[in-house]
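Working notes, structure below.
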Amino acid sequence: MSVAFAIFSVIAPFDAIANEARPAHVITIQANDGLSLAPKENKAWYEQGIWPVAGATLTLIVTNTVTVIVVYLQSSRSFNALLRQRKIERYAAALNDFYNPLLALLDINKEIFQNTGPLSFPQEEIPRNAAGLVWGQTKKKILSNNIDIEMILRTKTHLLIVTDSLEAYHRLLVHVAMYEAFQRVETDLYRGFTFPEDIRGHVVAQRLAALKIYHKLIGEQI
């Protein structure tokens, strides 16, 4: 027996023991006949490329535009309602603070002057003297009303409607201012400052115009 054979005889049992101790690893591959790949889905043109982003952007723009338009319309309606209310208040003030009181004062003065003024004095001396005494008292009311007329013309002309003008009241303002002065000093100069007969017709016409606009605005508001 050779030396090599002896060494192999000694080592072989140890290899057998080592092989029995080494763990076995088993890999099993099973085939699945039902496994298959799904075909690629064909998308519409608007679902490809930049179109989805463009569509989302367009939707956002349209939504914002609609929102802006709605807000604008609501604001416009609110502004128009506020503007109409301001006009109603202005024309109400024009009627209540200018045209109505001015017309009332003019009519009161006219009534007093026609019924108790010098043109109404009788020819007989005694009744004429009595009428003069009455006129002396009633004239005080005309003078008091003239003060109110002058105050309106000095402080309320900002309420004139667009068809009216300050020039239309110039002669009336001069008349009421001079009438009181001529009560203390009788002079023929008064003839240049007589009451403007056409002023009442002007006030009536402008008051009617203001009243029509006021009623129209009230109707629109309702």
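Restricting segment 137-173 to residues that are more than 40 Å from the chain's Cα centre (by Cα) and open to solvent by 30 Å² or more (accessible area, probe 1.4 Å), the residue that is farthest from K212 (Cα to Cα) is Q137.
Quick one: is L119 assigned to a helix (DSSP H, G or I), free of Cβ contacts under 8 Å to residues at least 40 places away in the same chain, out of contact with any Asp or Glu (no Cβ under 7 Å at 6 or more places or on another chain) and not hydroxyl-bearing (S, T, Y)?
Working: assigned to a helix (DSSP H, G or I): yes; free of Cβ contacts under 8 Å to residues at least 40 places away in the same chain: yes; out of contact with any Asp or Glu (no Cβ under 7 Å at 6 or more places or on another chain): yes; not hydroxyl-bearing (S, T, Y): yes.
So L119 passes the test.
The selection criterion, being open to solvent by 60 Å² or more (accessible area, probe 1.4 Å), of a type in the set (A, V, I, L, M, F, W, C) and outside any loop (DSSP other than H, G, I, E, B), holds for V134. Against the definition (assigned to a helix (DSSP H, G or I), within 39 Å of the chain's Cα centre (by Cα) and surrounded by 13 or more Cβ atoms within 10 Å (Cβ to Cβ)), how does A177 come out, yes or no? So A177 fails the test. Scanning segment 115-128 for any residue that is surrounded by 13 or more Cβ atoms within 10 Å (Cβ to Cβ) and in contact with a His (Cβ under 7 Å, 6 or more places away or on another chain) turns up nothing. Of the listed requirements (1) open to solvent by less than 40 Å² (accessible area, probe 1.4 Å); (2) under 26 Å from R86 (Cα atoms); (3) not in a helix (DSSP H, G or I), A210 misses just one: (3). In this structure, does R200 turn out to be in contact with a helix residue (DSSP H, G or I) (Cβ under 7 Å, 6 or more places away or on another chain) and under 18 Å from A93 (Cα atoms)? No; evaluated as a whole, the condition is false for this residue.
Is it true that E125 is more than 28 Å from D97 (Cβ to Cβ) and acidic (D, E)? Yes: the conditions hold for E125. Summed over segment 180-207, the residues that are acidic (D, E) and open to solvent by less than 60 Å² (accessible area, probe 1.4 Å) give a count of 0.
The values are calculated or read from the model by the stated rules, or taken from the named source; none is laboratory data. Keep in mind that this is a model prediction, so the values were computed, not measured. Every residue, glycine among them, receives a Cβ derived from its backbone with ideal geometry; neighbour counts consider all protein chains shown. SASA here: full protein model, heavy atoms, side chains in, ligands and nucleic acids out. Shrake-Rupley method; radii C 1.70, N 1.55, O 1.52, S 1.80 Å.
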